[in-house]
There are 2 protein chains.
Amino acid sequence: MSFRAQPLIRFEARIEVGHRPGILDPQGGVIERALPALGYGNVSHVRVGKSIRLAVEAPDEAAARAQVEEMCRRLLANPVIEDFSIEIFSAETV
Amino acid sequence: MSFRAQPLIRFEARIEVGHRPGILDPQGGVIERALPALGYGNVSHVRVGKSIRLAVEAPDEAAARAQVEEMCRRLLANPVIEDFSIEIFSAETV
């Protein structure tokens, strides 16, 4: 087995953290109740979550995605009440 | 000119609201400073924004997008310090 360092690639991650179905979303409720008075009575199902963008250096996209998933479970999301989805974009070689 | 009602289609919108470049992002800074202690020293450029999902009924996708853009400028984002991007997905006919 060789321990030669693999070149690292910089990936950009876009993470969306939202409430799990059935979990109360007070911020979404406030927006939804404000909309009709502004003339937007045709809007419903407003849900407000977090959008996190970050850059991560990893040998390949699978490694980048695995690390971002782990970070979501440990730090960025609360798995009891929140769902998350991850998109990975490749940027440039570091 | 005819006033016959056009059939309405239900669209889903995904809105990402983030800080404009150069605007301080304290929440992103806190996360970025916490990551090395958890073993994630290879992460940088952390930015935290809002992700808003909603349903809107409109005659076509262009009308749905125009309305969501107007809602972002008037209510959902603060154009002085925030940028927003909008994705529209068609759901089903109402």
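Overview of results
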quantity	calculated
Most mobile listed residue (B:Glu70, B:Glu61, B:Glu16) in chain B, GNM with C-alpha springs under 10 Å	B:Glu70
Closest approach to the A/B rotation axis among chain A Cβ atoms, residue and whole-Å value	A:Ser51, 2
Angle in degrees between helix B:61-71 and the longest Cα principal axis of chain B, rounded to the nearest 10	50 degrees
Qualifying chymotrypsin sites (Phe, Trp or Tyr not before Pro) in segment B:3-94, DSSP loop, other Cβ atoms within 10 Å at most 14	B:Phe3
Kirkwood hydrodynamic radius over Cα pairs of chain B, then Stokes diffusion coefficient at 10 °C and 1.306 mPa s, in µm²/s	102 µm²/s
Choice from A:Gly39, A:Gly18, A:Gly28 with maximal GNM fluctuation in chain A (Cα, 10 Å cutoff)	A:Gly39
Ascending list, in nanometres, of distances separating the A:Arg33 label from those of the other copies (7 Å, Cα toward Cβ)	3.6
Chain B, relative contact order [Cα under 8 Å, separation at least 6], %	50 percent
Share antiparallel - DSSP beta bridges, segment B:9-93, percent rounded to 5	100 percent
Per-residue ³J(HN,Hα) for segment B:83-90, Karplus 6.51 cos²θ - 1.76 cosθ + 1.60, θ = phi - 60°, Hz, x for Gly and Pro	9, 9, 9, 10, 10, 10, 10, 7
Segment A:36-94 versus segment B:43-94: alpha-carbon centroid distance in Å	16 Å
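FYI, it's all coordinate maths here, none of it is from the lab. Quick caveat: nothing in here was measured; it's all calculated off a predicted structure. Please note: Cβ atoms are built from the backbone with ideal geometry, for glycine as well, and neighbour counts cover all protein chains shown.
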